[in-house]
2 protein chains.
Amino acid sequence: MKRALLVARLCVLAASVPSLCSAQSVPKTLAERLGFPRDAKLVIIHADDVGYSHSVNAATTQALETGLVNSASIMVPCPWFPEIADYAKSHPSVDFGLHLTLTSERVYYRWGPVAARDLVPTLLDSDGYLLHDWTSSTRIDPQQAEIELRAQIGRAYAMGVHPTHLDSHQYRLYDNGPQLFQVALRLAHEYKLPLFVTRDWFRDNPYIEASLGPGDVIIDHTVTISPGVAPEKWGDFYIDALKNLQPGVTEFVIHLAFADSEMKAATRERDTWGAAWRQRDFDFFTSPAFRKVLEDQQIHLVTWRQIAQAAP
Amino acid sequence: MKRALLVARLCVLAASVPSLCSAQSVPKTLAERLGFPRDAKLVIIHADDVGYSHSVNAATTQALETGLVNSASIMVPCPWFPEIADYAKSHPSVDFGLHLTLTSERVYYRWGPVAARDLVPTLLDSDGYLLHDWTSSTRIDPQQAEIELRAQIGRAYAMGVHPTHLDSHQYRLYDNGPQLFQVALRLAHEYKLPLFVTRDWFRDNPYIEASLGPGDVIIDHTVTISPGVAPEKWGDFYIDALKNLQPGVTEFVIHLAFADSEMKAATRERDTWGAAWRQRDFDFFTSPAFRKVLEDQQIHLVTWRQIAQAAP
């Protein structure tokens, strides 16, 4: 935003010196860097929470294999991480990132940290699991968050996952102040991976924009469904979002699973992001209706792997 | 065994002094301490591995509610431990022990230790999970095993489980020398819980008998099915075992789950103790055929809670 404004002002100031503001000097948009026209409509259909459960893994890999869902990110502390690590190793072209995880947000099915528990006490509840939630009195030590996230990234590489990007489970690293965001950004730089950040978040969390450097990728928009959408309106919500897509790159953050006995049991204490929710996402994003709207609206799918290669 | 022999010899030596070998001076058998005649046939139908997965939890609690399966033990490091801890809290009369766990024996679905990883390195693989298996070159530090098992017991009590007994996942604490067995026994004494030990193991592992004191419970026999039994012979195996039951207390060690998508995926790399195996156990031990053989053979069910109260 700031850079775009600066360029615009320089162009106004330099109106009498056209060579200063030639086509070459205007920074390329992300769409252009990806080889598309400036007004192209590009989407990443991104499934979160892979590794969470077998149901999530099975639904996500099935959806990825349709080609209609084209990116996903993996939770390393989860019990079913080994299953998805094995899949990632045998499917090296699939666009898997790491879904950096600092919480274990369910009640009946839980996980602990990857790092040694005594190194990350501020991340844990009294039973040794990653915290169920963060409240106003929670004080996460950013250094401990970094220790844990380094351990997650280390285990992923050690078990054969070569991630294409990083993002954050439950947006914890985006929504909780500059220190935690900078932990994520520092790890992204160190591992030379793009971190999912969208311009849509800059207003609410200005420290995100302020922390970014010229080499960081900025996704133009993001779409994710919220508890306010009635189940019977699920498809309409996504079709409206696709029909009203803005030019540039939009990441759809979706959550896939089957509403089977494992997933129903794992999420039974609340419906939000629960088994039926995830089944609805699966149903829509593998449907002919979704494929048709992509075609009708001339929307193109792009991956984080392409974005990493097109970094500024 | 040794004590019984000693008593028999003393009775021979003291044949002329009947008061020395009156009925009162012959130690009571476990069956007698439980209030049954010496020749009664008593069984514990004991489901292992609770907490392992939702499928195991659902099948085991359903089987416990029939009354035909009457005891079970819980794996604290497993991801679904919180679900079964919640069930145990709301069903305080159910006979739940702790299934002390030092391995994570599957490939696609795994768990780490409850203790801090840096305190128990000999229990872990390079990815930080509990070892998949122990080989001839594995060197488990018994002190580290004790740290981990104390952490498991501590978490169980902290989360509201009040166990009735202890036993060992995959028999690791019984089959690997006196030091590990004595860790289990020391914890059992400290927490005043009976440890599952059967006379059937004394010949192969003499250190078990040698480690026991007069206050320890000894189960007379144990029955568990092995990979040599063909799936179609499952029921026959158990019915034969029940029809040929010896007097005294016999623990049937069984493994329950549903052959659903979670369990099939969790165990897919080998069939032994896998999803179909556990479904067969569930089907037999909740069947009318099982109930009938118990009745026909005048076999009585006893729990670990009763055994603890009848300790020598």
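The values are calculated or read from the model by the stated rules, or taken from the named source; none is laboratory data. Since this is a predicted model, take the numbers as computed values, not measurements. Cβ coordinates were reconstructed from backbone atoms using ideal geometry, including for glycine residues, and neighbour counts include every protein chain displayed. Just the protein is used for accessible areas: all its heavy atoms, side chains included, with ligands, DNA and RNA removed. Shrake-Rupley method; radii C 1.70, N 1.55, O 1.52, S 1.80 Å.
A simple rule links phi to the HN-Hα coupling: the Karplus curve 6.51 cos²θ - 1.76 cosθ + 1.60 with θ = phi - 60°, which for the stretch A:267-277 gives 10, 6, 6, 7, 7, 5, 6, x, 4, 5, 3 Hz, with x for Gly and Pro. Rounded to the nearest whole Hz, the Karplus-based 3J(HN,Hα) values (6.51 cos²θ - 1.76 cosθ + 1.60, θ = phi - 60°) of the stretch B:255-260 follow the sequence 9, 10, 6, 9, 7, 9, with x at glycine and proline. Of the trypsin sites (Lys or Arg not before Pro) found in the stretch A:161-224, those in coil by DSSP whose Cβ has at most 14 other Cβ atoms within 10 Å are A:K192, A:R203.
On a per residue basis, the protein assembly as shown carries 42 Å² of accessible surface, using protein heavy atoms and a 1.4 Å probe. Normalised by 2.2 N^0.38 Å, where N counts its residues, the alpha-carbon radius of gyration of the stretch A:86-186 equals 1.09.
In nanometres and ascending order, the distances from the B:P27 label point to those of the other copies are 8.2 (point 7 Å from Cα along Cα→Cβ).
Looking at the stretch A:29-71, what % of the alpha carbon pairs are farther apart than 12 Å? Here the long-distance tail beyond 12 Å is 64 percent of all Cα pairs in the stretch A:29-71. In the stretch A:222-264, burial by the other protein chains removes 50 Å² or more of accessible area from A:E262, compared with the chain on its own (1.4 Å probe, ligands and nucleic acids ignored).
What shape does chain A take by its C-alpha gyration tensor, where a ≥ b ≥ c are the square roots of the eigenvalues and a/c under 1.5 counts as rounded, a/b above b/c as prolate, and the rest as oblate? Taking the square roots of the gyration eigenvalues as a ≥ b ≥ c, chain A is oblate. Taking amide H positions as modeled 1.01 Å from N, with prolines and chain starts lacking one, the residues under 5 Å from B:L256 and 5 or more places away or on another chain are B:D48.
List the GluC sites (Glu not before Pro) within the stretch A:242-312 that fall in a DSSP loop (any state other than H, G, I, E or B) and whose Cβ has at most 12 other Cβ atoms within 10 Å. The partial results should precede the final answer.
Values: sites: A:E251, A:E262, A:E269, A:E295; in loops: A:E269.
In loop regions of the stretch A:242-312 (DSSP not H, G, I, E or B), the sparsely surrounded GluC sites (Glu not before Pro) are A:E269.
Within the stretch A:34-121, the trypsin sites (Lys or Arg not before Pro) that combine a DSSP coil assignment with at most 15 other C-beta atoms in a 10 angstrom radius are A:R38.
Here A:K233 is the anchor, and the lysines within straight C-alpha reach of less than 27 Å, apart from those fewer than 8 places off in the same chain, are A:K41, A:K243, A:K264, A:K292. If one computes P(r) from the Cα atoms of the stretch B:168-312, what percent of pairs lie at distances over 28 Å? Result for the distance tail: 30 percent. Buried between B and A is an accessible area of approximately 2500 Å², summed over both sides with a 1.4 Å probe. Across the stretch B:36-153, the fraction of Cα-Cα pairs farther apart than 18 Å, rounded to a whole number, is 55%.
With N the number of residues in the stretch A:70-136, Rg(Cα) / (2.2 N^0.38 Å) evaluates to 1.26.
Phi angles of the stretch A:156-164 translate, via the Karplus equation with coefficients 6.51, -1.76, 1.60 and θ = phi - 60°, into HN-Hα couplings of 4, 4, 4, 9, x, 8, 10, x, 9 Hz per residue; Gly and Pro are given as x. For B:G67, the point set 7 Å out from Cα toward Cβ sits 6.0 nm from its twins in the other copies, listed from shortest up. The alpha carbon centroids of the stretch A:207-234 and the stretch B:262-299 are separated by 49 Å.
Of the solvent-accessible surface of the protein assembly as shown, computed with a 1.4 Å probe over protein heavy atoms with every protein chain present, carbon and sulfur atoms account for 55 percent. The label point for A:S137 and the one for B:S287, both projected 7 Å from the Cα toward the Cβ, are 5.5 nm apart.
Take the Cα radius of gyration of the protein assembly as shown and divide it by 2.2 N^0.38 Å, with N its residue count; two decimals is plenty. Normalised by 2.2 N^0.38 Å, the Cα Rg of the protein assembly as shown equals 1.18. Placing a label point 7 Å from Cα along the Cα-to-Cβ direction at B:R38 gives distances to the equivalent points in the other copies of 10.0 nm, listed shortest first. Shape summary: the stretch A:126-230 maps onto an equivalent ellipsoid whose semi-axes, from the alpha-carbon gyration tensor, are 21, 20, 15 Å in decreasing order.
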